[in-house]
Amino acid sequence: MKKHILALLVLVLIGTSITACGRKRVIDPEQLPKAATELVQKHWPSCVIDFAYIDGLEYEVLLSDGTIIEFNKKGEWKEMKCTDGLPVTLVPANITRYVVGRFPKQLIIKCEKMRGGYEIELTNGLEIQFDMQGRVTHVDD
């Protein structure tokens with residue numbers, strides 16, 4: 001129940017910002033690229049898409065568990081945020097191994113694809129950047 005209230009609050013806030021911005025447009029989840037819909041169904045099978053919008057050629061969805069996922073025009077994820085921890089199958093394996101080995105009690109709650117690598121955030125607030133080979137390039141607490 002608490003998650004549904006939080007999701008509704010986020011939906012209202014995003015809806016308000018969409019109206020103010022003018023560039024973002026609410027869309028029906030069926031208008032998402034097929035790859036985006038398939039990713040949600042595969043990795044969050046018990047969730048539904050509560051909210052979807054398009055901003056230029058990028059998409060963002062809010063799932064019923066509060067997860068937020070940003071997609072490019074092809075439906076490939078760009079950034080994912082989930083307070084309950086992201087599915088490890090979506091995070092590159094070498095990054096997951098690093099986190100499990102160094103921070104076994106922490107979950108990855110955010111993962112962002114960046115030019116030349118990835119940035120993750122752990123439940124303890126630690127942010128770590130990796131290059132494409134999975135080597136740590138920057139740590140910020």
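The values are calculated or read from the model by the stated rules, or taken from the named source; none is laboratory data. What you are looking at is a predicted structure, and each value in this text was computed from that prediction instead of being measured. Glycine gets a Cβ as well: all are built from the backbone with ideal geometry, and neighbour counts include every protein chain shown.
So the values come out like this:
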read-out: Within the range 91-111, tally of residues that are over 18 Å from D141 (Cβ atoms) and either among the small types (G, A, S) or under 18 Å from the mean Cα position of the chain (by Cα) (or both); value: 5
read-out: Hey, E112 at pLDDT 95 or above, of a type in the set (D, E, K, R), surrounded by 15 or more Cβ atoms within 10 Å (Cβ to Cβ) and outside the structural domain of L39 (by TED's automatic domain parsing) or not; value: yes
read-out: Matching residues in the range 23-61 - criterion: being small (G, A, S), touching a strand residue (DSSP E or B) at 6+ places or on another chain (Cβ under 7 Å) and surrounded by fewer than 20 Cβ atoms within 10 Å (Cβ to Cβ); value: none
read-out: Positions within the range 112-141 being part of a strand (DSSP E or B), more than 18 Å from the chain's Cα centre (by Cα) and either of a type in the set (D, E, K, R) or within 20 Å of P87 (Cα to Cα) (or both), in sequence order; value: D131, D140
read-out: Breaking point among (1) among the polar types (S, T, N, Q); (2) surrounded by 16 or more Cβ atoms within 10 Å (Cβ to Cβ); (3) in the same structural domain as Q31 (by TED's automatic domain parsing), for S64; value: (2)
read-out: Any hit, the range 102-110, residues being out of contact with any Ser or Thr (no Cβ under 8 Å at 6 or more places or on another chain) and within 29 Å of R23 (Cα to Cα); value: yes
read-out: Residue within the range 104-111 that is assigned to a strand (DSSP E or B), within 20 Å of I69 (Cβ to Cβ), of a type in the set (D, E, K, R) and free of Cβ contacts under 8 Å to residues at least 40 places away in the same chain present; value: yes
